[in-house]
Amino acid sequence: MRLLIVSQYFWPENFRINDLAQELSNRGHELTVLTGYPNYPQGQIFKEFANAPYQFALYGRVKVIRVPLYPRGSSSLSLLLNYISFVLTACMLGPWKLRGQSFDVVFTYQLSPVTVGLPGAFLAWIKKAQMAMWVLDLWPDTLRAVGAIKSPKMLNFVAKLVTFIYGRCDLVLSQSRSFIPKILELAGGSKPVVYLPSWAEEVFTSAIVTPAPEVPLRLDLFNVMFAGNLGEAQDFSCILDAAEKLKYRSDIRWLIVGDGRLSGWLISEIQIRGLSKSVMTVGRYPVERMPEFFAHANAMLVTLADQEIFSMTIPGKLQSYLAAGIPIIAALNGEGRKVIMEAKAGLTCESGNSVELARIVEEMSWLPPDALRNMGQSGLAFSRRMFDRKSIIDQVEKQLQGLCT
């Protein structure tokens with residue numbers, strides 16, 4: 001199978017599309033990726049790429065074609081320009097850079113923004129290929145939830161754009177079962193939509209690792225760790241409110257590993273609230289090193305803002321947390337919370353409820369080691385049943401091959 005992946009994000013940025021491309025290539029398929037210059041999440045083009053872009057033209061046996069884009073920066077305007085620039089350069093330069101190549105399927109990896117579907121559809125049309133799209137972020141609902149667009153007219157325009165993109169797909173894959181009715185509604189109900197969750201990166205299944213030296217090793221503390229993107233959707237106000245309520249517990253430490261658009265705000269808020277002794281930010285590190293940081297955690301933390309769209313979402317970090325075999329503390333609604341409860345992998349409360357979040361953190365801190373171990377092992381067993389990497393990629397391969405017949 002000759003497969004073109006269209007994704008605004010790709011290696012050396014850390015996303016599961018890297019893993020999928022590499023695995024399909026290892027299975028003998030011919031893979032090419034059309035992507036932008038790496039700049040996520042810092043918002044600036046990676047220095048190592050800028051200094052030697054030729055070193056990033058191959059990912060194993062996967063051919064990587066890159067088009068320039070405006071970096072994300074730190075403002076709403078720069079983010080908008082980032083989204084628009086990739087669409088323009090991918091549509092204008094993509095056909096030239098891919099000239100002479102033919103593909104069976106164009107596979108679009110859709111996080112934010114949904115506009116990545118435009119070059120995907122355009123290239124599928126030019127190459128007379130089938131088009132598949134993996135939807136991991138549901139627009140315009142996410143835009144409405146984070147307040148990025150408030151105008152009903154603009155939201156309606158985005159909805160029409162999404163309908164146009166879905167209408168060009170021969171197959172839509174959905175990261176959450178809750179997304180499917182909305183996808184069908186926007187697609188006109190005529191497109192096949194298949195549930196396809198994410199999986200945990202293989203690094204989280206490692207048996208024994210040495211704790212990261214960047215975090216002071218304190219066996220006398222109960223460490224609650226958040227790992228991932230620091231953005232509006234993650235509701236850090238709720239996390240900091242809960243941390244404030246537990247300031248009197250000097251034996252509870254909050255560890256935040258990651259980077260994102262709210263990094264500066266978060267550091268400032270920790271200082272303003274007097275949380276420097278209980279909340280520690282350690283920055284962003286490659287996914288390969290994350291097990292070292294997880295080794296410090298007594299519990300992993302996942303939160304999403306109290307919005308309907310986020311109740312329909314399974315946060316990508318949840319699969320990694322489950323596979324790591326560490327108890328989970330969650331302030332979530334809907335599908336993500338249901339997964340944790342079904343897995344018996346931790347304690348949960350409603351999104352945005354900092355009082356309850358503080359309570360369940362304290363409750364877990366009092367649990368005996370055996371109870372914590374059982375939660376972690378229960379989550380790991382659930383991960384192996386429901387989010388097995390090989391089984392999910394088998395399904396992707398089967399669905400894409402089905403488009404070629």
For the stretch 57-120, with all protein chains present and a 1.4 Å probe, just round the carbon and sulfur fraction of the accessible area to a whole percent.
68
Beyond 22 Å, what share of the Cα-Cα pairs of the stretch 318-397 remains, rounded to the nearest whole percent?
27
Other-chain or far-sequence residues with amide H under 5 Å of ARG284's (modelled H)
GLY258
Which ³J(HN,Hα) values, rounded to whole Hz and listed in residue order, are derived for the stretch 396-401 from phi using the Karplus coefficients 6.51, -1.76 and 1.60 in 6.51 cos²θ - 1.76 cosθ + 1.60 with θ = phi - 60°, glycine and proline given as x?
4, 4, 4, 5, 5, 5
Expected max-MSF residue from ASP104, ASP170, ASP394 in the GNM of the chain (alpha carbon, under 10 Å) is ASP394
Out of GLY231, GLY60, GLY120, a Gaussian network model of the chain with alpha-carbon springs under 10 Å gives the largest mean-square fluctuation to GLY60
Pull out a ≥ b ≥ c, the square roots of the eigenvalues of the alpha-carbon gyration tensor of the stretch 262-379, then state rounded if a/c is under 1.5, prolate if not and a/b is larger than b/c, and oblate in the remaining case.
rounded
Suppose every K and R has +1 on its Cβ and every D and E has -1 on its Cβ; what is the size of the dipole of the chain about the Cα centre, in Debye to the nearest 20?
980
Rounded tilt (10° steps) of 152-167 against the dominant C-alpha axis of the chain:
60
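Is the shape of the stretch 67-136 best called rounded, prolate or oblate, per the rule: a/c under 1.5 gives rounded, else a/b larger than b/c gives prolate, else oblate, with a ≥ b ≥ c the square roots of the Cα gyration tensor eigenvalues?
Note, shape of the stretch 67-136 comes out oblate.
Over the stretch 84-155, calculate the relative contact order: mean separation of alpha carbon pairs under 8 Å at least 6 apart, over the residue count, as a percent. Provide the component values of the computation, followed by the final result.
Numbers: 73 pairs, mean separation 21.6, N = 72.
RCO, the stretch 84-155: 30 percent.
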State whether the stretch 141-190 is rounded, prolate or oblate according to the following rule on the C-alpha gyration tensor (a ≥ b ≥ c being the square roots of its eigenvalues): a/c under 1.5 gives rounded; otherwise a/b larger than b/c gives prolate, and the remaining case gives oblate.
oblate
Averaged per residue, what accessible surface does the stretch 109-250 expose to a 1.4 Å probe, in Å²?
44
Tell me the relative contact order for the stretch 226-379 as a rounded percent, counting alpha carbon contacts under 8 Å between residues six or more apart.
24
Nearest 10, in degrees from 0 to 90: the angle of helix 76-97 to the longest Cα principal axis of the chain is 40
Around ILE5, which amide H atoms from residues at least 5 apart in sequence, or from another chain, sit under 5 Å from its own amide H, with H modelled in the peptide plane?
THR32, VAL33, LEU34, PHE107
Under the Karplus relation with 6.51, -1.76 and 1.60 and θ = phi - 60°, whole-Hz ³J(HN,Hα) for the stretch 215-224, x at Gly and Pro, equal 10, x, 6, 10, 6, 8, 10, 9, 9, 9
Net charge within 12 Å of PHE103 by Cβ-Cβ distance, Lys/Arg positive one each and Asp/Glu negative one each, not counting PHE103 itself?
+2
Excluding ligands, DNA and RNA, what is the solvent-accessible area per residue of the stretch 285-405 at a probe of 1.4 Å, expressed in Å²?
41
Using each residue's phi in the stretch 330-342, evaluate 6.51 cos²θ - 1.76 cosθ + 1.60 at θ = phi - 60° and report the 3J(HN,Hα) Karplus result to the nearest Hz, with x for Gly and Pro.
9, 10, 9, 10, x, 4, x, 5, 4, 4, 5, 5, 5
Taking only the alpha-carbon positions of the stretch 1-96 as identical scatterers, the Debye log10 I(q)/I(0) at q = 0.11 Å⁻¹ comes out as -0.31
Strictly over 24 Å apart at the Cα level, which of LYS245/LYS277; LYS63/LYS317; LYS160/LYS182; LYS317/LYS338 would you flag in this model?
LYS63/LYS317
Counting only protein heavy atoms and a 1.4 Å probe, tell me what percentage of the stretch 280-405's accessible area is made up of carbon and sulfur.
50
Under the rule of at least 5 residues apart or a separate chain, name every residue whose amide H is placed under 5 Å from the amide H of ILE328.
MET300, GLY346, LEU347
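The values are calculated or read from the model by the stated rules, or taken from the named source; none is laboratory data. Keep in mind the model is a prediction, meaning the values are calculated, not measured. No Cβ is skipped: glycine too gets one built from the backbone with ideal geometry, and neighbour counts run over all protein chains shown. With ligands, DNA and RNA removed, areas are computed over all heavy atoms of the protein, side chains included. Shrake-Rupley method; radii C 1.70, N 1.55, O 1.52, S 1.80 Å.
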